[in-house]
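K.L.:
First the structure, then my questions, so here it is.
The values are calculated or read from the model by the stated rules, or taken from the named source; none is laboratory data. None of these values were measured; they are calculated from a predicted model. In this analysis, Cβ positions are derived from the backbone assuming ideal geometry, glycine residues included, and neighbour counts consider all displayed protein chains.
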Amino acid sequence: MSGLGTFWPMLRKEFTQMRRDRLTLGMMVGIPALQLVLFGWAIQTEVRHLPTVVLDESRSQESRAFVATMANTGNFDIVGHVASRAELAEAIEGGRAHAAVVIPPQYARDLARGRQAQVQVVVDAADPLASSAALSGAALAGQARTVELLRGTAGRAGAIDVRLRPWYNPALRSAVYVVPGIIGVLLSMTLVIITSMSIVRERERGTLEQLVVTPVTKTSLMLGKLVPFVLVGYVQMTLILLLGSGLFRVPLRGSLPLLYLEALPFIVASLAFGLLLSTLARTQAQAIQLGFFYMMPNILLSGFMFPREAMPAPAQWLGALLPLTYFLDILRGVLLKGVGLGVLWPQTLVMVGFGVVFILLSVRRFAKTVE
Amino acid sequence: MSAAPAPATGAAGAAADPAIVTRGLTKAFGALVAVDDLTLTVPRGEIFGLLGPNGSGKTTTIRMLCGLLAPTSGDATVVGFDVRTAPERIRRRIGYMSQRFGLYDDLTVRENLRFYAELYGLRGAALRDAVAAQLAAFDLAPRAPQLAGTLSGGWKQRLALACATTHRPDLVFLDEPTAGVDPASRRRFWARIGDYAAAGMTVVVTTHYMDEAARCTRLAFMSRGRLIAAGRPGEITAHFGLPTLEDVFVALQQRDEAPAETGA
């Protein structure tokens with residue numbers, strides 16, 4: 001009998017068992033959906049509706065137009081006007097406002113003379129995330145006003161100095177950035193943990209002993225455990241993509257078939273890593289612990305939450321050992337930037353490499369004994 | 001030897017070999033020697049009973065012979081193949097029924113039978129016929145669509161024996177197959193074992209029931225990892241000058257435990 005002869009019965013058995021295990025099946029679909037909704041709403045790095053006071057010393061039509069533009073960005077809610085610097089400080093210290101706009105007396109005059117006009121935005125930087133979001137919001141407002149002014153004065157005005165220009169995510173909505181990452185994180189979390197338990201579960205139930213005295217080959221056993229979950233991975237990914245675009249308006253700029261193709265090596269690598277854990281653990285509880293231990297660096301070092309460029313070198317090296325790091329590039333590349341294989345082939349190759357190595361290692365580590 | 005059927009292994013002269021030969025077979029788990037210098041021969045077509053108190057090394061012996069455990073030292077050949085160098089060739093020719101129910105609770109009776117038959121290479125009409133024959137032979141047909149996990153103990157044991165023999169192995173290992181099974185089920189179970197032996201299959205069985213031991217062609221008593229007596233049931237009772245196998249068993253165990261208590 002050929003080595004692959006034992007693969008088909010293994011595969012069918014795994015599918016039958018998966019179909020019967022409604023609870024696990026429900027969890028495999030329900031948990032990613034729930035996590036996406038939680039993560040998507042909880043991880044909001046943009047700040048909307050920052051209560052803001054205005055110190056308008058220019059008291060001109062132009063200054064009022066700028067304040068209106070700022071309010072229109074949605075980042076600032078104008079909660080009142082103050083008459084002096086002292087009042088402004090009081091408003092922020094007292095917590096009535098978290099930001100203030102100061103428009104100096106010469107604002108309208110500078111604009112009219114075609115000189116660069118200055119506006120000061122004061123932000124309560126106790127929360128650095130909120131303050132940076134507010135600053136970029138203000139910069140956007142300035143940019144918007146500049147465009148309007150340029151239009152009105154036929155290019156004569158010096159207008160307002162703006163350097164910031166966010167690409168791909170012009171409103172700086174964090175969901176757009178976070179959701180593609182969540183696809184990768186949730187896939188690796190559920191797939192690694194589910195497969196890490198698969199062989200250990202058979203060991204605990206006593207079925208592995210009966211199974212390994214048959215002529216089943218190690219490769220058939222491993223692939224039979226792995227392949228059904230590839231399907232689960234695709235179902236999860238589709239669900240997260242649908243919810244992501246429905247709830248969080250995550251764009252799909254690139255090719256969807258490419259994304260599904262690129263997901264395959266990642267899913268296989270994650271599953272194979274889970275199998276490898278399954279050959280290391282003796283109990284299901286150990287397998288779950290190992291799985292969570294694997295998740296922490298994935299969340300922290302892959303670039304899911306923090307940009308890898310900002311990490312110290314050792315953290316970057318560790319991140320380079322995680323398949324998720326590469327899959328994140330691919331997810332964001334395809335979803336947000338609309339780039340193709342021409343750009344993403346190095347990441348693709350690395351993921352295929354991970355998949356092959358993990359499968360070989362797990363087949364090698366697995367012994368058809370009960371010791 | 002004369003009753004042994006020609007095996008399909010193609011190994012030259014395999015039909016004339018004993019089913020199992022061990023020489024100095026030893027297994028140690030750290031300081032604990034579970035099987036100590038075991039030398040025995042199991043002729044083909046016999047029902048070979050492995051007896052001994054709990055922890056005497058019966059299960060470890062069977063696991064080594066199945067390739068589930070690597071021997072620490074010594075040699076063993078099973079159906080003509082070396083357990084160290086050709087475990088996969090052995091696996092194709094044997095059946096195994098573990099002490100603990102090892103089939104899938106969440107598969108039906110039929111699915112379990114079919115799964116194991118397929119792993120041994122049965123396909124198509126041969127597969128269907130073999131599964132149907134096992135369902136009939138073990139009276140499992142009415143329960144074919146039932147999940148194995150919902151069977152009672154006796155039925156589980158029957159299904160386990162059926163799964164271990166669908167592929168008509170040359171040799172089947174049964175590790176305490178009737179533990180916790182009611183007398184009627186045990187009788188039916190042994191009727192099947194008798195059929196298999198009559199058809200030329202070698203059966204290696206461990207048991208604590210002396211009425212079962214009496215049905216074996218040959219017996220080996222183990223205690224604390226060592227072989228302490230071997231032979232036909234009549235030879236053993238005659239050798240020890242005791243009326244029944246149970247008397248021999250109790251006497252051997254008492255003799256063996258006495259120094260163990262002072263030694264430990």
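K.L.:
If you take the residues in region A:328-371 that are more than 21 Å from the chain's Cα centre (by Cα) and small (Gly, Ala, Ser), which one is nearest to B:GLU88 (Cα to Cα)?
P.N.:
Here the residue is A:ALA367.
Residue by residue, here is whether (1) buried (at least 20 other Cβ atoms within 10 Å of the Cβ); (2) at pLDDT below 70; (3) under 29 Å from the mean Cα position of the chain (by Cα) holds:
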site	(1), (2), (3)
A:ARG109	no, no, no
A:GLY114	no, no, no
A:ALA117	yes, no, no
A:LEU129	no, yes, yes
A:GLU148	no, yes, no
A:ARG151	no, yes, no
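K.L.:
Being of a type in the set (A, V, I, L, M, F, W, C) and in contact (Cβ under 8 Å) with a residue 40 or more places away in the chain is the filter; apply it to region B:199-219 and report the residue that is surrounded by the fewest Cβ atoms within 10 Å (Cβ to Cβ).
P.N.:
Per the criteria, the residue is B:ALA199.
K.L.:
Let me ask you something else. Can you tell me which residue in region B:108-121 is nearest to the other protein chains (Cβ to nearest Cβ), limited to those that are under 21 Å from B:LEU174 (Cβ atoms) and either in contact with a Ser or Thr (Cβ under 8 Å, 6 or more places away or on another chain) or of a type in the set (A, V, I, L, M) (or both)?
P.N.:
Across region B:108-121, the extreme among qualifying residues is B:LEU119.
K.L.:
Sticking with this structure for a sec: For region B:29-97, please list each of the strands (runs of 3 or more DSSP E) lying entirely inside it that holds at least 1 residues being within 14 Å of chain A (Cβ to nearest Cβ).
P.N.:
B:32-42, B:73-78, B:94-97
K.L.:
Among the numbered criteria (1) part of a helix (DSSP H, G or I); (2) within 12 Å of chain A (Cβ to nearest Cβ), which one does B:PRO169 miss?
P.N.:
Going through (1) part of a helix (DSSP H, G or I); (2) within 12 Å of chain A (Cβ to nearest Cβ) one by one, B:PRO169 breaks only (1).
K.L.:
What tally of residues in region A:332-371 results from selecting those that are touching a Gly at 6+ places or on another chain (Cβ under 8 Å) and farther than 25 Å from A:LEU276 by Cα?
P.N.:
The qualifying residues number 10.
K.L.:
Identify the single condition in (1) facing another protein chain (nearest Cβ under 8 Å); (2) crowded, with 16+ Cβ neighbours inside 10 Å that B:ARG100 does not satisfy, given that it satisfies every other one.
P.N.:
Exception for B:ARG100: condition (2).
K.L.:
If I filter region A:54-95 down to residues being at pLDDT below 85 and assigned to a loop (DSSP other than H, G, I, E, B), which single residue comes out as farthest from the chain's Cα centre (by Cα)?
P.N.:
Among residues in region A:54-95 that are at pLDDT below 85 and assigned to a loop (DSSP other than H, G, I, E, B), the one farthest from the chain's Cα centre (by Cα) is A:GLY94.
K.L.:
Has region B:129-141 got at least one residue that is within 14 Å of another protein chain (Cβ to nearest Cβ), surrounded by fewer than 21 Cβ atoms within 10 Å (Cβ to Cβ) and of a type outside the set (Gly, Ala, Ser)?
P.N.:
no
K.L.:
Across region A:213-251, which residue is surrounded by the fewest Cβ atoms within 10 Å (Cβ to Cβ) among those that are of a type in the set (Ser, Thr, Tyr) and in contact (Cβ under 8 Å) with a residue 60 or more places away in the chain?
P.N.:
Here the answer is A:THR219.
K.L.:
So which residues in region B:142-154 are over 21 Å from B:ALA191 (Cβ atoms) and exposed (fewer than 13 other Cβ atoms within 10 Å of the Cβ), if there are any at all?
P.N.:
B:PRO145, B:THR150
K.L.:
If you don't mind, another one. Test A:LEU11 against the stated conditions and say whether it is closer than 17 Å to B:ALA117 by Cβ and more than 10 Å from chain B (Cβ to nearest Cβ).
P.N.:
yes
K.L.:
Also, quick follow-up: Please find, among B:ALA197, B:ALA184, the residue that is touching a strand residue (DSSP E or B) at 6+ places or on another chain (Cβ under 7 Å) and either part of a helix (DSSP H, G or I) or farther than 21 Å from B:THR108 by Cα (or both).
P.N.:
B:ALA197
K.L.:
For residues in region B:213-255 being under 21 Å from B:ASN54 (Cα atoms) and among the polar types (S, T, N, Q), which is modelled with the lowest pLDDT?
P.N.:
Ranking the qualifying residues of region B:213-255, first place goes to B:GLN253.
K.L.:
Could you check B:GLU118 against (1) farther than 26 Å from B:VAL33 by Cα; (2) touching a strand residue (DSSP E or B) at 6+ places or on another chain (Cβ under 8 Å); (3) among the acidic types (Asp, Glu); (4) outside any loop (DSSP other than H, G, I, E, B) and say which number it fails?
P.N.:
Only one criterion is unmet by B:GLU118, namely (2).
K.L.:
Additional query: I'm told B:PRO177 meets every condition in (1) surrounded by fewer than 20 Cβ atoms within 10 Å (Cβ to Cβ); (2) within 14 Å of chain A (Cβ to nearest Cβ); (3) farther than 28 Å from A:ASP21 by Cβ except one. Can you identify the failing condition by its number?
P.N.:
Single failed check for B:PRO177: (1).
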